[in-house]
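Enquirer: Sharing a structure with you now.
All of the numbers you see were taken from the coordinates with simple rules; none came from a lab. Keep in mind it's a predicted model, so treat the numbers as computed, not measured. Using ideal geometry, Cβ is built from the backbone for each residue, glycine included, and neighbour counts are taken over all protein chains shown.
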Amino acid sequence: MRYKHSDYMHWSKTQSRARFNLATSGVAPFPLRELPVDLKELEINGDNSYGYAPLQQAIAAHHGVDPESVVESAGTSMANHLAMAAIIELGDEVLIEHPAYGPILDIAHYIEANVKRFRRAEENGWAIDPAEVRRCVTAKTRLIVITNLHNPTSALTPESVLREIGDIARSIGAFVLVDEVYLDAVYEETPRTAFHLGPEFVVTSSLTKVYGVSGLRCGWILAQPDLAWKMRRLNDLFSATPVFPGELFSVAAFNHLNLLRETARRIVEADRDLLRDFLAQQSTISAVWTDWGTTSFLRLSRDRGSNADVFLERLRSEFDTSAVPGRFFEMPDHFRIGMGMNTEMFAEGLNQIGRALR
Ligand SMILES: Cc1ncc(COP(=O)(O)O)c(C=O)c1O
């Protein structure tokens, strides 16, 4: 039977709530009342058959690319789906990082790609090792998929490594899909998009995680113009045209992107400071430290058992605190926590984790 669901998304929508909710990945919602926008200028319908030109221009300007290379999509979720479905043909292999964000794997299975994996090793700081990628590609590899920053660990892949991955892809006629939904959470010297590194790069992103306007579902793909058209035509089968008021609000969000980003940044940085202090005091959990990102992937030490599920169930039922089980990233002895929502809640969530560990 064809694969038609995502266990992670279902869990996230139905099981992740708690008083101290650390099962998040994006920053706090940005309130409409704080966005300088004239509601009288909003409209319900408008000219947006294959995207709303001012929004495509705003996305293009944000990345320094041509609007012809911008495909609007419903979040990074649909962006990943369109990108993979447009590129992969029957019998093609897709090489996906491990650990991976569950829905990326789910999409690959849904479109019946032949899924292969390459490992990012914890002992190597979760970095991508190009030699490992080279070992895992074959003549049938059509697409290599990575996230940057990496979900769940927030590891940052430098441009030099991205270039090596691009070289590998080019040598076998494959593409590299880089999901950059967390990249703008690198608040200093923010790397440019990998799209600039060569025609084999396809990039997906959105305003959902780093900017606090997830409800707009403003996502996009960056691809070479011919491939971009393939994706727009494919989207005709799914969501047809975008939601026009959402596009107007998204343009307003782009006009004030720094305000949105800096508002969230204060919370993310305060939470990261708390996490640093917390981890320094713990002997039974550890994490590869990252300077950026809204998530951290914690490992339970062996004497706590090799399965975080039991711990997380107790954490939720007895301490009203949630985190994402590592099994959704195929690493059951880990769990993921999120920063950037609310620093008081984050502090109390860490406190409850500490209590549950004692
Ligand atoms: C790596 C990654 N890609 C895509 C998404 C989905 O993002 P969006 O809400 O923009 O659809 C997420 C959400 O958690 C994610 O972590």
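Enquirer: Rounded to the nearest 0.05, what FRET efficiency do Glu318 and Gln282 give with R0 = 25 Å and r taken as the Cβ-Cβ distance? Could you check?
Expert: 0.85
Enquirer: Report, in debye and to the nearest 20, how large the dipole of the range 185-320 comes out about its Cα centre when Lys and Arg carry +1 and Asp and Glu carry -1 on their Cβ.
Expert: Computed about the Cα centre, the dipole is about 260 debye.
Enquirer: Could you work out how far apart the two model spin labels at Asp291 and Glu330 are, taking each label as a point 7 Å from the Cα in the direction of the beta carbon, and quote it in nm?
Expert: 3.0 nm
Enquirer: Testing the spin-label approximation: label points 7 Å from Cα along Cα→Cβ at Glu159 and His10. State their distance in nm.
Expert: In this crude label model, Glu159 to His10 measures out at 4.3 nm.
Enquirer: Can you tell me what share of the DSSP beta bridges in the chain is antiparallel? A percent to the nearest 5 is fine.
Expert: 45 percent
Enquirer: To continue, here is another question. Considering only Ala240, Ala174, Ala185, give the residue with the highest GNM mean-square fluctuation for the chain, with springs between Cα atoms whenever their separation is below 10 Å.
Expert: Residue with maximal mean-square fluctuation among Ala240, Ala174, Ala185: Ala240.
Enquirer: Classify the range 211-349 from the C-alpha gyration tensor, please: rounded if a/c falls under 1.5, else prolate or oblate depending on whether a/b exceeds b/c.
Expert: Note, shape of the range 211-349 comes out prolate.
Enquirer: Which of the lysines could be linked to Lys140 by a straight reach, that is with a Cα gap under 29 Å, when you skip same-chain ones fewer than 8 residues away?
Expert: Once the sequence-local lysines are set aside, what remains near Lys140 is Lys4, Lys116, Lys230.
Enquirer: Give the lysines reachable from Lys209 as a straight Cα distance under 21 Å; neighbours fewer than 8 places away on the same chain don't count.
Expert: Straight-line reach from Lys209, under 21 Å: Lys13.
Enquirer: Indicate the gyration tensor shape class of the chain (rounded, prolate or oblate), computed on the Cα atoms with a ≥ b ≥ c the square roots of the eigenvalues: a/c under 1.5 is rounded; otherwise a/b larger than b/c is prolate and the rest oblate.
Expert: Because a/c hits 1.5 or more and a/b fails to exceed b/c, the chain counts as oblate.
Enquirer: Taking the alpha-carbon centroid of each part, what is the distance from the range 58-99 to the range 191-254 in angstrom?
Expert: So the two Cα centres are separated by 8 Å.
Enquirer: How far apart, in nm, are the 7 Å Cα→Cβ label points at Gln57 and Leu32?
Expert: 2.6 nm
Enquirer: Have a look at the DSSP beta bridges in the range 126-257 and tell me what percent are antiparallel, nearest 5. Intermediate values should be presented prior to the final figure.
Expert: Details: 4 of 13 bridges.
That works out to approximately 30 percent antiparallel.
Enquirer: To continue, here is another question. Quote the relative contact order of the range 243-330 in percent (integer), defining contacts as alpha-carbon pairs under 8 Å separated by 6+ residues.
Expert: Relative contact order, the range 243-330: 14 percent.
Enquirer: Quickly rank 10-21, 149-160, 197-208, 244-255 as a protection proxy: mean count of other C-beta atoms within 10 Å, highest first.
Expert: 197-208, 149-160, 244-255, 10-21
Enquirer: Follow-up question, since we're still on this one. What are the GluC sites (Glu not before Pro) within the range 73-139 that DSSP puts in a loop, where the Cβ has at most 13 other Cβ atoms within 10 Å?
Expert: Counting only loop positions with at most 13 other Cβ atoms within 10 Å, the GluC sites (Glu not before Pro) in the range 73-139 are Glu89, Glu112.
Enquirer: What percent do you get for the relative contact order of the range 1-105 when only Cα pairs under 8 Å and 6+ apart count?
Expert: Computed over the range 1-105, the figure is 28 percent.
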